[in-house]
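See below for the structure under consideration.
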Amino acid sequence: MGNKKIKRNSTKKGMSPGTLIHIGKQRVSKASIQIVKYNEDIIQLEELVDDLSNINFPNPSNDHVTWINFKGVDIPALENIGKQFNIHNLVLEDILNDSLRPKFEAFEDYYFLSIKMILTDRDELTYGSVPVRFILGERYILSFIDFEDPIFDAALFRLRNQPQKIRSKGPDYLLFALADVVIDNYFELIETGNDKLEKLDDDISIPSNEDIPNLIREYRRVLLRARRGITPVKEAYAILVNDDLHLIKEENVKYFRDTKDHILFIIDQMDFLRDNLSAINESYQSIQDNQLNQVMKLLTLIATIFIPLTFLAGIYGMNFSNMPELNYKYGYYTLLGVMVIVAMFMIAWFKRKKWM
């Protein structure tokens, strides 16, 4: 993993700040742009896939809100958006950097919010993360994604069918709605984590299950990565709800504050899962140690029983000629009987002491 990080971070070595190069994995084969214009009365939707670098985007207007959803990677098209909306090249550079830490930045005419989208496996405690970026302007919002998941379909449905709830509240409320959908995906990871840890807790007592240590290490790695992805989002939302941001209406701040509460809850749940996983690991180690102790105890008792038997066998294994018992007709059987009696006596004594 170390080599990959060095390679990724050194891609732009020697280049000037603001140079537009995509850093990361390209997940969409062909870029597309979706333009949504709406107000309380109407909504218009346009899907564009060709000649993206020459699109003339509608100017922001007080009559409507413009939402431009950019899916995929197309640097000339991104440059075109940057020129028309006066977006700084350093922001465009951040949009193209998949390894960018989630953050919020306030500029004079627009705000930039970068968060991580969690793509979870419903059956396994594994996930991938992809960046989702937003730019909020006076009467517009730009979103940038590079994956095929229909994450914003629910928001688009609300725009079409709930005009009073979402179309009347401005682009800042739309930013809340879109970002909130991204944050909600962390809850699915938590639910999967709870289910997997419950099953893991039941499986640790199975002696033949040799996958437990590997599962514990994998789950710990997943939770640490997920927490590193959500913690900076908490910092970004702390700025959103506490700073005097003129592009976010006062009546809409409460919605961002609600999302911040969700983020804090998610972090608390991840800490709980991590602590629960540590407790499961300790229980597993305790069970393994106890099983080992039982094995060692059994071996010690067996060795202890054989100590006097070995002593007797050693005495009569000495090559001395003046040993009367050697000439006794039933000496061999007598010695075996003595050994059996000694062994039975020791076993009975161990049981009385509750050592067996």
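Remarks
- Size-normalised alpha-carbon gyration radius of the stretch 43-197, reference 2.2 N^0.38 Å: 1.09
- Those trypsin sites (Lys or Arg not before Pro) in the stretch 269-356 that DSSP places in a loop and that have at most 16 other beta carbons within 10 Å: LYS329, LYS353, LYS354
- Square roots of five times the Cα gyration tensor eigenvalues for the stretch 109-258, Å: 37, 16, 13
- Coil-residue GluC sites (Glu not before Pro) of the stretch 74-137, DSSP, other Cβ within 10 Å capped at 10: GLU108
- The residues of the stretch 150-289 present an accessible area of 50 Å² per residue when probed at 1.4 Å with all protein chains retained.
- Note on the stretch 273-334: with neighbouring protein chains present and a 1.4 Å probe, carbon and sulfur make up 61 percent of its accessible heavy-atom surface.
- GLN291-ASN214 FRET efficiency (beta carbon distance; Förster radius 22 Å; 0.05 resolution): 0.75
- Per residue, the convex hull around the alpha carbon atoms of the stretch 306-350 comes to 60 Å³.
- Isotropically averaged projected area of the stretch 145-210, using the convex hull of Cα atoms (one quarter of hull area), nm²: 7.0 nm²
- Summing Cβ point charges (Lys, Arg +1; Asp, Glu -1) relative to the Cα centre of the chain gives a dipole of roughly 1780 debye.
- When the solvent-accessible area of the stretch 139-181 is split by element, carbon and sulfur atoms take up 50 percent of it, the probe being 1.4 Å.
- Positive dipole terminus of the stretch 196-239, leading residue within LEU197, ILE212, ALA238 (C-beta point charges): ALA238
- The Cα-based radius of gyration of the chain, divided by its Kirkwood radius, gives an Rg/Rh of 1.35.
- At q = 0.11 Å⁻¹, base-10 log of I(q)/I(0) for the stretch 24-126 (Debye sum, equal scatterers on each alpha carbon): -0.43
- Legend: distances between Cα atoms for LYS83/LYS103; LYS169/LYS254; LYS103/LYS196; LYS37/LYS169; pairs beyond 21 Å are LYS83/LYS103; LYS103/LYS196.
- Among ASN54, ASN69, ASN319, the largest mean-square fluctuation in a Gaussian network model of the chain, built with springs joining Cα atoms closer than 10 Å, belongs to ASN319.
- Of LEU292, LEU224, LEU309, the one that fluctuates the most in a GNM where the chain has Cα springs shorter than 10 Å: LEU309
- Whether the stretch 105-178 is rounded, prolate or oblate, judged on the alpha carbon gyration tensor where a/c under 1.5 counts as rounded: oblate
- Highest-fluctuation residue, GLY337, GLY128, GLY137 considered, GNM on the chain with Cα pairs under 10 Å: GLY337
- Under the span-like rule (Cα at least 15 Å along the axis, Kyte-Doolittle mean at least -1.0), DSSP H helices of the chain: 171-203, 212-242, 253-315, 331-352
- Rounded Å value of the spacing that divides the Cα centres of the stretch 211-277 and the stretch 38-75: 31 Å
The values are calculated or read from the model by the stated rules, or taken from the named source; none is laboratory data. Just so you know, these numbers come straight off a predicted model, no measurement behind them. Positions of Cβ are backbone-derived with ideal geometry, glycine not excepted, and every protein chain shown enters the neighbour counts. Surface areas here come from the heavy atoms of the whole protein model, side chains and all, with no ligands, DNA or RNA. Shrake-Rupley method; radii C 1.70, N 1.55, O 1.52, S 1.80 Å.
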